[in-house]
Amino acid sequence: MPEDTRPPKRGDYVVDEATRQTMPPEPAWVGRVQTVLDAGHVRLVTPHGAEWTARVENLTEAEASQRAAYDAAVPHRVGARR
């Protein structure tokens with residue numbers, strides 16, 4: 001994340017610009033911070049549970065539309081949680 005902003009914390013929605021592709025065109029991945037590993041690395045998760053490690057320097061804050069799309073893609077459980 002840019003130096004003028006706070007580092008990400010658990011639960012933040014971020015965009016990992018390192019995952020963006022130009023050939024074929026592919027947008028950067030949006031993830032939620034699951035774990036802050038150290039000052040330079042975090043563990044992110046997709047809406048479907050895939051995890052990856054990202055460098056903080058490659059992250060930008062997700063926009064409202066990206067956060068909404070992420071939440072809409074999360075599978076919802078039916079019934080009471082145990």
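A few comments on the model shown:
- Count - residues of the stretch 9-36 that are β-branched (Val, Ile, Thr) and either touching a residue at least 40 places away in the same chain (Cβ under 8 Å) or at positive phi (or both): 3
- Qualifying residue in the stretch 26-42 (condition: out of contact with any helix residue (DSSP H, G or I) (no Cβ under 8 Å at 6 or more places or on another chain), within 17 Å of residue 71 (Cα to Cα) and either at pLDDT below 95 or among the charged types (D, E, K, R) (or both)): no
- Taken together, 73, 39 contain a single residue that is without any contact (Cβ under 8 Å) to a residue 40 or more places away in the chain and open to solvent by 80 Å² or more (accessible area, probe 1.4 Å), which is 39.
- Considered as a group, the residues in the stretch 43-82 that are among the β-branched types (Val, Ile, Thr) and in contact with a His (Cβ under 9 Å, 6 or more places away or on another chain) include one that is modelled with the lowest pLDDT, and that residue is 74.
- Some residue of the stretch 54-70 being in contact with a Leu (Cβ under 8 Å, 6 or more places away or on another chain) and in contact (Cβ under 8 Å) with a residue 12 or more places away in the chain: yes
- Selection count where residues are of a type in the set (Asp, Glu), closer than 16 Å to residue 61 by Cα and over 11 Å from the mean Cα position of the chain (by Cα), scope the stretch 15-46: 0
- Scanning the stretch 44-68 for residues that are part of a loop (DSSP other than H, G, I, E, B) and open to solvent by 80 Å² or more (accessible area, probe 1.4 Å), we see that the one that is farthest from residue 31 (Cα to Cα) is 63.
The values are calculated or read from the model by the stated rules, or taken from the named source; none is laboratory data. Keep in mind the model is a prediction, meaning the values are calculated, not measured. Note that each Cβ is placed from the backbone with ideal geometry, even for glycine, and that neighbours are counted across all protein chains shown. To get the accessible areas, we keep the full protein, side chains included, count just its heavy atoms, and leave off ligands, DNA and RNA. Shrake-Rupley method; radii C 1.70, N 1.55, O 1.52, S 1.80 Å.
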